[in-house]
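Have a look at the structure below, then the notes.
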Amino acid sequence: MAFTRSGSRRTRVHVVSDVHGNARDLARAGEGADALVCLGDLVLFLDYADHSRGIFPDLFGTENADRIVELRTARRFAEAREFGARLWAGIGTDRAAAIEKAVRKQYAELFAAFPTPTYATYGNVDMPALWPEYARPGTTVLDGQRVEIGGRTFGFVGGGLRTPMRTPYEIGDEEYAAKIEAVGEVDVLCTHIPPEVPELVYDTVARRFERGSRALLDAIRRTRPRYALFGHVHQPLARRMRIGVTECVNVGHFAGTGTPWALEW
């Protein structure tokens, strides 16, 4: 799997993360670029800025979405889970089937919006088992794998680490570290979650620390990629910082900005 440039022409790659249902802007995200890189979280389960948007309010209404956001923001996760369980019991349907149906509807629209070529990995709210059904020719899905784009090696590690939120694609620290190890030395290290650095994992609006990866931080220090690109934290205290020789960049909350981050060489 490789995309290479010819002659001395410059290469431009656009990078997005945390798309959360923004198919309209995603369809334009590759304009002017040689390739699009997507760092996951395609699904919109609940929009914390607009509680009327997403799978949760579609099923249970905005008022209930207001309440569960209030509980989660206050870190009252046990109460939030109990509240959600009561809602699911009230509609009398299979929870997994209802969520999968809604996710499939979003994936059909979002994968159709990807330009060619797109290189994508999973976010913590994604459902990896469904991706092969929707990824079209021209979209390459990578997780714990590498690809060459314009003469540079990109490594991809998807998903998130386990949290009280219990989102669909959270995995254990050892499994995540193994994927980091499998990628090895690359020019650009692409992940959904950031390295475990306080300024990069703290969300200033949600007022909480999200989970970053210590294994990712160690790999950045050890393998010294040119760039480490990630998303996950929608309003970080710091959007970028240098760790040794590596420029670490939160590429932005694409659902809110509609603008990709650009890398050119």
* Asked: In region 58-85, how many residues are modelled with pLDDT under 90 and either more than 22 Å from Glu210 (Cα to Cα) or among the aromatic types (Phe, Trp, Tyr) (or both)?
  -> 4
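This table checks each residue for (1) within 22 Å of Tyr122 (Cβ to Cβ); (2) not in a loop (DSSP other than H, G, I, E, B).
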position	(1), (2)
Arg9	no, no
Val13	yes, yes
Gly30	yes, no
Gly40	yes, no
Asp47	yes, no
Ser52	no, no
Asp58	no, yes
Glu63	no, yes
Phe83	no, yes
* To do: Please indicate, with yes or no, whether at least one residue in region 148-155 is touching a strand residue (DSSP E or B) at 6+ places or on another chain (Cβ under 7 Å), open to solvent by 40 Å² or more (accessible area, probe 1.4 Å) and assigned to a strand (DSSP E or B).
  => yes
* To do: Have a look at Glu199, Glu181 and point out the one that is out of contact with any strand residue (DSSP E or B) (no Cβ under 6 Å at 6 or more places or on another chain), among the acidic types (Asp, Glu), open to solvent by 30 Å² or more (accessible area, probe 1.4 Å) and closer than 16 Å to Asp143 by Cα.
  => Glu181
* Asked: When you go through Thr191, Thr139 one by one, which is the residue that is crowded, with 21+ Cβ neighbours inside 10 Å, touching a Phe, Trp or Tyr at 6+ places or on another chain (Cβ under 7 Å) and among the β-branched types (Val, Ile, Thr)?
  -> Thr191
* **Count of residues meeting criterion [open to solvent by 30 Å² or more (accessible area, probe 1.4 Å) and in a helix (DSSP H, G or I)] in region 160-176** => 3
* Go through region 14-63 residue by residue and tally those that are among the polar types (S, T, N, Q), buried (at least 18 other Cβ atoms within 10 Å of the Cβ) and in contact with a His (Cβ under 9 Å, 6 or more places away or on another chain). => 1
* Asked: out of contact with any His (no Cβ under 6 Å at 6 or more places or on another chain), among the acidic types (Asp, Glu), without any contact (Cβ under 8 Å) to a residue 60 or more places away in the chain and under 22 Å from Leu26 (Cβ atoms), is that true of Asp173?
  -> no
* Structure fact -> Of the listed residues (Val157, Val186, Val147), the one being under 16 Å from the mean Cα position of the chain (by Cα), at pLDDT 95 or above and aliphatic (A, V, I, L, M) is Val157
* Structure fact -> Output for Cβ contacts, cut-off 6 Å, separation at least six or different chains, first residue over 11 Å from Arg166 (Cβ atoms) in region 71-86, second open to solvent by 50 Å² or more (accessible area, probe 1.4 Å) and acidic (Asp, Glu), reads Leu71/Glu79
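The values are calculated or read from the model by the stated rules, or taken from the named source; none is laboratory data. Computed from a predicted structure; not experimentally measured. Don't worry about glycine lacking a Cβ; one is built from the backbone with ideal geometry, like all the others, and counts go over all protein chains shown. The protein model used for the area step is the full one, side chains on, heavy atoms only, and it has no ligands, DNA or RNA in it. Shrake-Rupley method; radii C 1.70, N 1.55, O 1.52, S 1.80 Å.
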